[in-house]
Amino acid sequence: MPVLAMQVVFEESHPNANALHIYTFQAPGVEDLRVIANLENTYQVGDIAAVATVGSVLKDGTRIKKASLRGVDSFGMALGKVQVEVGTDLTEEYGRVQEDAQPTNEDATVVKWTSIQQLPNLRVNLEKVKEREGDSFVYPVLTFKGKIKLDGSNAAVQLSPDGSVVAQSRTRLLTVEDDNYQFAQWVEAHRDYFAALGKSLGPAIVFGEWCGKGIQRKVAIAGIDRRVLAVFAIQYGDHNTNEATIDIEPARIRSLLPDHPDIFVLPWYKESITLDFGNTETLQEASQTLNEWVEAVETRDPWVSENFGVDGVGEGLVMYPYLEEAKTQPIPRDPCTDFMFKAKGEKHRVVRQKQAVQIDPEVAKHVDDFVAMFVTPARLEQAIGETCERPLTMKELGGFLKWIGHDIQKESVAELEASGLEWKQVSKPAMNAARQWFFQEIKQQLDS
């Protein structure tokens with residue numbers, strides 16, 4: 001099936017998810033197509049976009065299937081705006097052209113781990129739900145537990161009962177020929193381990209952080225003598241439906257994974273903490289406790305120190321809503337990931353803000369303030385790690401800027417609203433700042 005240039009004829013917000021939009025696309029000779037997209041790409045009626053229809057395979061190996069996203073069916077994937085005639089076949093440009101680069105399981109698609117928000121964005125989303133539900137809305141009171149956030153590269157291993165194994169990064173399927181920090185090469189070397197695990201668990205995805213020597217810089221985990229997979233969750237079921245479940249309890253994950261010298265399970269950090277989203281005073285008190293925890297982790301990553309004897313900087317924490325039943329069984333993915341939030345130490349914050357954990361978003365007085373707030377060294381370095389190889393080359397600039405734009409737009413919803421700004425006002429200045437930083441990095445390479 002092809003990738004086509006199609007025109008938006010209808011757009012609406014998803015009834016069950018603030019971060020999703022529903023679009024209807026049209027093209028000559030093709031039935032109207034309903035596609036759900038997130039905030040990485042937004043469209044208006046009249047826009048022309050590249051749309052991958054069901055059955056097409058993208059260059060990164062993603063196979064497009066019908067999906068059910070929070071209760072609404074989607075029949076394709078929108079890949080971004082294009083400036084071509086409606087109906088143009090774009091398969092050669094967007095489709096996979098290297099048949100020898102197919103993953104082991106030809107039906108595999110990228111299964112993304114959730115994009116973790118910060119606490120102010122979580123509160124903004126709750127306020128929007130309150131506006132929709134009115135007097136019937138009740139603010140949740142939730143218990144959270146945290147895991148140390150390691151500075152590496154998000155990775156996962158897809159498992160099947162037939163023994164097939166597929167490695168992936170956050171955004172694409174990996175092969176030994178098209179790898180990310182040699183993760184696929186490592187998975188291939190330990191294929192027997194993962195094949196046996198797939199036969200034991202059934203269809204599942206092991207999510208973790210691929211971290212260690214040579215992956216990131218200036219953090220404790222980068223000082224160890226090898227690379228390891230630090231597992232934080234295992235997912236089961238169809239990831240495109242609300243029936244997917246996950247194991248997040250470290251003890252359960254540990255019991256499911258056979259011993260392996262390079263596979264670790266991230267434990268809970270500290271005790272649990274309760275957040276009452278309807279009580280600003282107690283929420284502020286809890287955030288202060290979380291700030292103290294994040295500061296301690298940044299000063300010295302205790303997990304790396306305990307497991308590898310290396311002292312150094314830690315990145316921060318990821319907080320998970322914690323249910324008692326998670327101790328004994330997998331829990332539904334969506335309710336859990338919808339309430340997860342992250343908190344990074346000062347050296348790793350991709351948003352300039354007063355504290356790692358705060359209940360209200362930062363306010364930018366003007367566009368330049370917004371750019372300084374979001375185009376930070378930590379975000380720029382993260383973009384390099386996700387899209388480029390060092391030494392940098394100019395051919396990587398486009399992918400770098402695209403990632404930066406998507407990431408800022410996705411994470412700045414609360415700050416834009418609080419500042420009275422719109423994305424169209426800040427997008428160009430933000431991209432200019434990121435471009436200048438990229439040019440400076442290349443210049444430093446040439447001078448060194």
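The values are calculated or read from the model by the stated rules, or taken from the named source; none is laboratory data. Since the structure is predicted, the reported quantities are computational estimates derived from the model, not experimental observations. Neighbour counts run over all protein chains shown; Cβ positions are idealised from the backbone, glycine included.
Things worth noting here:
- Contacts under 7 angstrom Cβ, first residue in segment 14-43 being within 13 Å of VAL72 (Cβ to Cβ), partner assigned to a strand (DSSP E or B) and of a type in the set (Ser, Thr, Tyr), 6 or more apart: HIS21/SER13; ARG34/THR24; ARG34/SER74; VAL35/TYR23; VAL35/SER74; ILE36/SER74; ALA37/TYR23
- When each of THR387, THR337 is tested for being surrounded by fewer than 19 Cβ atoms within 10 Å (Cβ to Cβ) and more than 18 Å from ASN291 (Cα to Cα), the lone residue that passes is THR387.
- Look at segment 324-347: where a residue is among the hydroxyl-bearing types (Ser, Thr, Tyr) and a partner is surrounded by fewer than 19 Cβ atoms within 10 Å (Cβ to Cβ) and assigned to a helix (DSSP H, G or I), sitting 6+ places away or on another chain with Cβ atoms under 9 Å, you get THR328/ARG252.
- Count of residues meeting criterion [under 15 Å from LEU33 (Cα atoms) and exposed (fewer than 15 other Cβ atoms within 10 Å of the Cβ)] in segment 45-72: 5
- Residues in segment 143-182 that are of a type in the set (Val, Ile, Thr), over 30 Å from GLU271 (Cα atoms) and assigned to a strand (DSSP E or B): VAL165, VAL166.
- Every residue from segment 395-422 that is free of Cβ contacts under 8 Å to residues at least 40 places away in the same chain and in a helix (DSSP H, G or I): LYS395, GLU396, GLY398, GLY399, PHE400, LEU401, LYS402, TRP403, ILE404, GLY405, ILE408
- The requirement of being touching a strand residue (DSSP E or B) at 6+ places or on another chain (Cβ under 8 Å), crowded, with 16+ Cβ neighbours inside 10 Å and not basic (Lys, Arg) is not satisfied by PRO361.
- Looking across segment 183-212, the residues that are modelled with pLDDT under 95 and in a loop (DSSP other than H, G, I, E, B) come down to GLY202, PRO203.
- Meets criteria (without any contact (Cβ under 8 Å) to a residue 60 or more places away in the chain and not acidic (Asp, Glu)) for GLN117: no
- The requirement of being closer than 22 Å to ASP179 by Cβ and crowded, with 16+ Cβ neighbours inside 10 Å is not satisfied by LEU416.
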